[in-house]
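Student: Let me begin by handing over the structure; questions about it come next.
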Amino acid sequence: MRGKKCFSRMLSTLCAVLTVSTFVAVPAEAAQFDPAFYGAAYPDVAAAFGTDAQALLNHYLTYGMAEGRFPAADAQPGEAVDAVAGVSESGEVSTNAEQAAGAQTAAETAFQPVPMNELANYSSLKKRMTDEEFALAYQAALNLVTPYIGLPLEEQIYGITVSIRALFDSGMSYSMSTPHYNDPYGYFILGTASCAGCTRATGLCLNILGIPYEHVNENQYSHQWCRINVNGTYWISDAYGLYCGPEPAPYAHPWF
């Protein structure tokens with residue numbers, strides 16, 4: 001944590017981390033999604049999620065629409081697309097979105113969150129929270145991660161990062177001195193936190209889904225974030241630092 005001056009510079013950095021949306025109803029005259037265009041137009045998405053037509057469509061429906069991205073060259077930014085009908089002829093035909101939604105619903109039904117006392121990073125996450133405070137933070141985190149149950153690991157990490165950032169942008173304040181500034185209770189319940197609190201709030205979400213992580217620079221007067229092994233490639237999840245994606249070098253951050 002480098003103080004408010006560093007944090008102000010950090011907030012001015014342009015990035016693609018915006019408020020996440022859920023799947024929406026599609027009007028009768030919806031556009032056709034073009035995965036070839038989408039992957040070429042947004043290399044950041046292709047780098048994180050690959051070029052599979054369904055993966056790109058899922059990204060657009062879950063994030064891209066809210067971010068104002070173009071689903072096709074002849075479409076409007078953030079335009080609704082006909083997910084059920086599939087993608088346009090320039091890409092492969094996608095799996096029926098209704099089947100995909102049904103599969104996710106089944107995954108949510110079968111999913112069992114990691115219990116609070118079995119979280120992989122329990123000691124780090126709890127800090128000075130009482131059991132009651134931890135339970136409230138845990139429930140808030142569980143509510144946040146529910147839409148991402150059953151999704152690929154990369155999409156879960158991205159979704160959590162976006163949602164954590166959206167909470168801050170909804171009216172939270174940055175602090176290095178208020179009660180619980182460095183734990184999930186401060187972030188989720190009191191609405192004020194440092195980068196340490198943001199990291200632990202993110203980590204709590206990850207642990208609930210069974211995702212292990214490292215807390216980089218934990219308990220140091222330096223910027224902090226979550227480091228996650230994604231199939232041998234280490235990712236950064238840093239909602240305060242406005243970055244989610246592969247790290248440029250071991251334990252290196254693109255902005256710090």
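The values are calculated or read from the model by the stated rules, or taken from the named source; none is laboratory data. Note that the structure is predicted; figures quoted are calculated from it, not measured. A quick note on method: Cβ atoms are made from the backbone with ideal geometry, for glycine too, and the neighbour counts reach across all protein chains shown.
Student: So if I check each of T146, T161, T178, T199, which one is surrounded by fewer than 19 Cβ atoms within 10 Å (Cβ to Cβ), modelled with pLDDT of 95 or more and either at positive phi or not hydrophobic (A, V, I, L, M, F, W, C) (or both)?
Tutor: Details: T146 fails: modelled with pLDDT of 95 or more; T161 fails: surrounded by fewer than 19 Cβ atoms within 10 Å (Cβ to Cβ); T199 fails: surrounded by fewer than 19 Cβ atoms within 10 Å (Cβ to Cβ).
On inspection, the qualifying residue turns out to be T178.
Student: When A249 is evaluated against the numbered criteria (1) surrounded by fewer than 23 Cβ atoms within 10 Å (Cβ to Cβ); (2) aliphatic (A, V, I, L, M); (3) part of a helix (DSSP H, G or I), which criterion, by number, is the only one it fails?
Tutor: Unmet condition: (3).
Student: Would you pick out the residues in region 134-166 that are under 20 Å from C244 (Cα atoms) and without any contact (Cβ under 8 Å) to a residue 60 or more places away in the chain?
Tutor: T146, G150, Q156, listed by residue number.
Student: E108 passes all but one of (1) under 22 Å from the mean Cα position of the chain (by Cα); (2) at pLDDT 80 or above; (3) of a type in the set (D, E); which number fails?
Tutor: Every condition holds for E108 apart from (2).
Student: Which members of region 46-65 meet the condition of being modelled with pLDDT of 80 or more, among the hydrophobic types (A, V, I, L, M, F, W, C) and out of contact with any strand residue (DSSP E or B) (no Cβ under 7 Å at 6 or more places or on another chain)?
Tutor: Result: A55, L56, L61, M65.
Student: Select, from A166, A140, the only residue that is closer than 23 Å to T62 by Cα, touching a Ser or Thr at 6+ places or on another chain (Cβ under 9 Å) and either basic (K, R) or outside any loop (DSSP other than H, G, I, E, B) (or both). First the steps, then the outcome.
Tutor: Values: A140 fails: touching a Ser or Thr at 6+ places or on another chain (Cβ under 9 Å).
Unique residue meeting the criteria: A166.
Student: What number goes with the only condition from (1) crowded, with 19+ Cβ neighbours inside 10 Å; (2) at pLDDT 80 or above that S94 does not pass?
Tutor: Condition (2) is where S94 drops out.
Student: Give S237, S222 a once-over and let me know the one that is in a loop (DSSP other than H, G, I, E, B) and assigned by TED's automatic domain parsing to the domain that holds L142. Steps first, answer last, please.
Tutor: Working: S237 fails: in a loop (DSSP other than H, G, I, E, B).
On inspection, the qualifying residue turns out to be S222.
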